[in-house]
1. Any idea how many residues of the range 102-119 are part of a loop (DSSP other than H, G, I, E, B) and crowded, with 16+ Cβ neighbours inside 10 Å?
2. Tally time: how many residues in the range 12-38 are closer than 18 Å to Y48 by Cβ, small (G, A, S), in a helix (DSSP H, G or I) and open to solvent by 10 Å² or more (accessible area, probe 1.4 Å)?
3. Which condition does N122 not pass, out of (1) more than 21 Å from S19 (Cα to Cα); (2) part of a helix (DSSP H, G or I); (3) of a type in the set (S, T, N, Q); (4) touching a residue at least 12 places away in the same chain (Cβ under 8 Å), if it passes all the others?
4. Give the residues of the range 63-94 that are more than 28 Å from D335 (Cα to Cα), under 24 Å from the mean Cα position of the chain (by Cα) and buried (at least 16 other Cβ atoms within 10 Å of the Cβ), sorted by residue number.
5. Would you please name the residue that is farthest from Y244 (Cα to Cα), looking only at residues in the range 256-308 that are in contact with a Gly (Cβ under 9 Å, 6 or more places away or on another chain), without any contact (Cβ under 8 Å) to a residue 40 or more places away in the chain and among the aromatic types (F, W, Y)?
6. When you scan the range 227-252, how many residues do you find that are assigned to a loop (DSSP other than H, G, I, E, B) and open to solvent by 30 Å² or more (accessible area, probe 1.4 Å)?
7. For the range 140-159, how many residues are open to solvent by 30 Å² or more (accessible area, probe 1.4 Å) and not in a helix (DSSP H, G or I)?
8. Given the conditions (1) modelled with pLDDT of 95 or more; (2) open to solvent by less than 30 Å² (accessible area, probe 1.4 Å); (3) polar (S, T, N, Q), and given that N301 satisfies all but one, which numbered condition is not satisfied?
Amino acid sequence: MTVGIDCRLLNKAQNTGISRYTEFLISYYISKVGAENIFLITNDQNFYYVDCKVIYTPLRPYNIYHFFKYASFVEKLRFDLLHIPFYSGPLRKNKKLKVIVTVHDLMYRFVKGFFGSNYFLNKLKILYFDFIVKNTLNNADVIVSVSETTKNDVFKTFKLKSIHIPEDSEIKENSNFSFLDVMNLSKGNFFFYCGNNRPHKNIDFIINIFNNNLNLPPLVLAGKGHVSSRNVIATGIVSDEQLYSLYKSAIAFIFPSSYEGFGLPVLEALRSETLVVASKIPAFLEFKTENIFFFDLKNENEFLGVLQKVMTKKFIIDKSFLSYYDKNRIHQLYDNTINTLFKN
């Protein structure tokens, strides 16, 4: 079997969730069919992956003209299976090709003002994305949703059924604790968040609380666009080794989003044996473990109470939780999906 993986949103420099998931897919399919049978589609002319074949295209995922041309481009490639780890793919069915599309979230539809504050421009962009997403999903042989929340959102929005296979990523457990020394940090003396600072992430809410409560250990923010302030330390973009060190050393990882499709950093923190403080939203409530502590969005007193609580708690090894998100189990779910797909 030959497998194409759409890597057009793979960005190793920025270490995004889509990038981590795409690398998981590459690793999975190599283990299944061998690197020599893997074809990676990219917009980056300098892209390289050991032993896999790389196919360059200038066609961008969310450019409407390129979206129309992508189906013809794919038809010439002679794959057995194409896996697209985001919701922009072929405009029409290809009888000679099986297509799997993974949906991480429908954030553009469920986050108010996702495209900006202009009401009419926001509505137009939603329609624009709906056209691309709906056609992509309609022409997929299998839709994978990374959570029950996303599965429900896909059905509610497009009346399409999908299968739930949890998201996965792997942080290299090669730590760089010297990085903490440079930042004047030590194990157990800070709280941590990683990700961007888009409005739905609700970062300003926690920044204000930490800056107004200097008795709290500092909040460390990793990722693009953050700024240091009174009781907040911004690290910028970090490597995998630095990220693992931050997860491993934090009192707790904080994720205060108003909407997520899954919450990959929550899983990464819990796999690093770090407690999690998270907002009460459907995607986060799917994580069933005693190591996560919830608070209501905008409830400052409850949030402060949870911070005080986690400072007295120790991480509990939760074998049931870890087995549910075990990589081998996720591989088996994909194995079953692909085997069923090629029987039909």
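The values are calculated or read from the model by the stated rules, or taken from the named source; none is laboratory data. Keep in mind that what you see is a predicted model, and the values were worked out from it rather than measured. For neighbour counting, all protein chains shown are included, and Cβ atoms are generated from backbone atoms with ideal geometry for every residue, glycine included. Heavy atoms of the whole protein, side chains included, go into the accessibility calculation; ligands, DNA and RNA do not. Shrake-Rupley method; radii C 1.70, N 1.55, O 1.52, S 1.80 Å.
1. 5
2. The qualifying residues number 2.
3. Failed condition: (4).
4. Of everything in the range 63-94, just one residue is more than 28 Å from D335 (Cα to Cα), under 24 Å from the mean Cα position of the chain (by Cα) and buried (at least 16 other Cβ atoms within 10 Å of the Cβ), namely F67.
5. For the range 256-308, the residue satisfying everything is F295.
6. Residues in the range 227-252 being assigned to a loop (DSSP other than H, G, I, E, B) and open to solvent by 30 Å² or more (accessible area, probe 1.4 Å): 5 in total.
7. Of the residues in the range 140-159, 2 are open to solvent by 30 Å² or more (accessible area, probe 1.4 Å) and not in a helix (DSSP H, G or I).
8. Among (1) modelled with pLDDT of 95 or more; (2) open to solvent by less than 30 Å² (accessible area, probe 1.4 Å); (3) polar (S, T, N, Q), the lone unmet condition for N301 is (2).
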